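S.K.: Sharing a structure below in C-alpha cells format, with a few things to ask.
Each reported figure results from applying straightforward, stated rules to the coordinates on display, with no laboratory input. What you see is a predicted model, and the numbers here were worked out from it, not measured in a lab. Cβ placement follows ideal geometry from the backbone for every residue including glycine, while neighbour counts extend to all protein chains displayed.
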Amino acid sequence: MNLIEDIQPVTYLKGNAAHLLQQVNETRRPVIITQNGLARAVLQDPVSYESTRNTIALLKLMVQGEEDIRAGRLVEQDEVFSRIEARLTARRKETA
C-alpha cells in the first residue's frame, strides 16, 4: 500500500474522481477515502472486487464443509456419483 496515493480525503475524491478511478483500475490497489481523518469508504476496481467476493464465497463453502465433517454429515464418494448418475439418467429420459 502506498499511503500517499492509497489514502485520500473525501475532498480529494470530489475534485479528482476520474483520476482516482483511473488509479484503482491501473494499479488494482484500493483507495481508502477518509472524512474528518477517519476511514469512511474504500474505492476498488471491479475486477478486484469480484475476485474478493468469489474468494469470500469459496471460503464460506469451505467452512460449511468443515462443519459438515465435524458434525458427521458425510456421504461416501461412490454414493455421490451414483446419485448424480441417476439424476442425469432421469433428465435424459424426461427430455427424450
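S.K.: Pull up the DSSP beta bridges for the chain and report the antiparallel fraction as a percent, rounded to 5.
M.R.: Just about 60 percent of them are antiparallel.
S.K.: With θ set to phi - 60° and the Karplus curve 6.51 cos²θ - 1.76 cosθ + 1.60, what are the ³J(HN,Hα) couplings of the stretch 26-37 in order, to the nearest whole Hz, using x for Gly and Pro?
M.R.: Listing the rounded values in order: 7, 8, 6, 9, x, 10, 8, 9, 10, 9, 6, x Hz.
S.K.: Given the Cα-Cα distance of Arg73 and Ala39 and 0.36 nm per residue of separation, how much length would full extension add, in nm?
M.R.: 8.0 nm
S.K.: Tilt of helix 46-70 relative to the longest C-alpha principal axis of the chain, in degrees (0 to 90, nearest 10)?
M.R.: Approximately 40 degrees, to the nearest ten.
S.K.: Calculate for the chain the 222 nm mean residue ellipticity that helices alone would give, adding -39,500 (n - 2.57) per DSSP H run of length 4 or more and normalising by residue count, nearest 500 deg cm²/dmol.
M.R.: The helix contribution divided over the chain gives -21500 deg cm²/dmol.
S.K.: Let me see the pair-distance distribution of the stretch 23-96: every alpha carbon pair, 10 Å bin width, integer percents in order.
M.R.: Binned Cα distances yield the sequence 15, 20, 22, 19, 16, 7, 1.
S.K.: Charges at C-beta only: +1 for Lys and Arg, -1 for Asp and Glu. How large is the resulting dipole of the stretch 48-95 about its Cα centre, in Debye rounded to 20?
M.R.: Around 260 debye, computed over the stretch 48-95.
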